[in-house]
1. Kindly write out, for the range 17-25 in residue order, the coupling ³J(HN,Hα) from the Karplus curve 6.51 cos²θ - 1.76 cosθ + 1.60 (θ = phi - 60°), rounded to whole Hz, with x marking Gly and Pro.
2. For the chain, what is the accessible area per residue in Å² when the probe is 1.4 Å?
3. Based on Cβ point charges of +1 for Lys and Arg and -1 for Asp and Glu, what charge dipole magnitude is obtained for the chain about its Cα centre, in debye rounded to the nearest 20?
4. Find the all-direction average of the projected area of the Cα convex hull for the range 1-57, expressing the result in square nanometres with one decimal place.
5. Across the range 159-166, in residue order, what do the Karplus-derived ³J(HN,Hα) couplings come to in whole Hz, using 6.51 cos²θ - 1.76 cosθ + 1.60 with θ = phi - 60° and x for Gly and Pro?
6. Just to check I understand the Karplus step: with θ = phi - 60° and J = 6.51 cos²θ - 1.76 cosθ + 1.60, what whole-Hz values come out for the range 98-113, glycine and proline as x?
7. Points 7 angstrom from Cα along the Cβ direction at GLU162 and GLU36: gap in nanometres?
8. If you roll a 1.4 angstrom probe over the protein chains with everything in place, what fraction of the accessible area of the chain belongs to carbon and sulfur, to the nearest %?
Amino acid sequence: MGLNDINRRIAAAEQAAGRAPGSVTLIAVSKVQPPERVEAVLASGHAVFGENYVQEAQAKWPDWRMRFPDVSVHMIGPLQSNKAKVAVGLFDAIHTLDRMTLARKLAAQLADQACLPQLFVQVNTGDEPQKAGILVDEVPGFLRSCTELGLSPEGLMCIPPEGKDPTPHFRLLRRLGQDNGLSLLSMGMSADFEIAIAEGATHVRVGSAIFGARDYG
Ligand SMILES: *Cc1c(COP(=O)(O)O)cnc(C)c1O
């Protein structure tokens, strides 16, 4: 557990998969964690973080960004369309572009912003009715619509069904990326990031294995 251990495990997984050292970006998922745990990781020099909630990120990151100017913050949680504008100002990347209404809101921001955050399209690889994300068959059409709106997603993201082998989901995401010319793959969490790296992840989202368990109480 802890940042050093996760960095070592990522390096080992890169090597085992024959991938270049440093080809995987570790997103330290700091949602709900006590500030002192996050500050310790910031102070150690780690610079890429993930958050799930706009309001929480808004309360925490402006101050930390002043003290740690190299930081980038990735939105990995569901994004309400009415928060798109705030999110564009707050995040360096959004991993949860998952529907047309959000795509339109983000495109509307293009008029006033020099650039948008880096975008990942969330794919519902398990075809789970309760889960966000574009259905596999609809990914090419959704990407076409994004292009028409002036958006340029660079990657795909998935959260495999809980309690199942994630490997086929990671593989499916990789194939979808290849078929659609997207080079970035956001996949893998504390329990399965090494498997994701073996399957081609470029971004892993690891929270509890770095910071400890989250206390939602
Ligand atoms: C919370 C969260 C993570 C991190 O989960 P851990 O199991 O703590 O590593 C990764 N991805 C998403 C989308 C999350 O919501």
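The values are calculated or read from the model by the stated rules, or taken from the named source; none is laboratory data. Because the structure is a prediction, the values reported are computed rather than measured. Cβ: placed from backbone, ideal geometry, glycine included. Neighbour counts: every protein chain shown. Heavy atoms of the whole protein, side chains included, go into the accessibility calculation; ligands, DNA and RNA do not. Shrake-Rupley method; radii C 1.70, N 1.55, O 1.52, S 1.80 Å.
1. Per residue, the Karplus-derived 3J(HN,Hα) values read 8, x, 9, 5, x, x, 7, 10, 8 Hz.
2. 48 Å²
3. 220 debye
4. The Cα convex hull of the range 1-57, projected and averaged over all directions, gives 4.4 nm².
5. In residue order, the calculated couplings are 10, x, x, 5, x, 10, 4, x Hz.
6. 9, 6, 5, 4, 5, 4, 5, 5, 5, 4, 4, 6, 4, 4, 9, 10
7. 3.0 nm
8. Summing carbon and sulfur atoms, their accessible area is 51 percent of the total for the chain.
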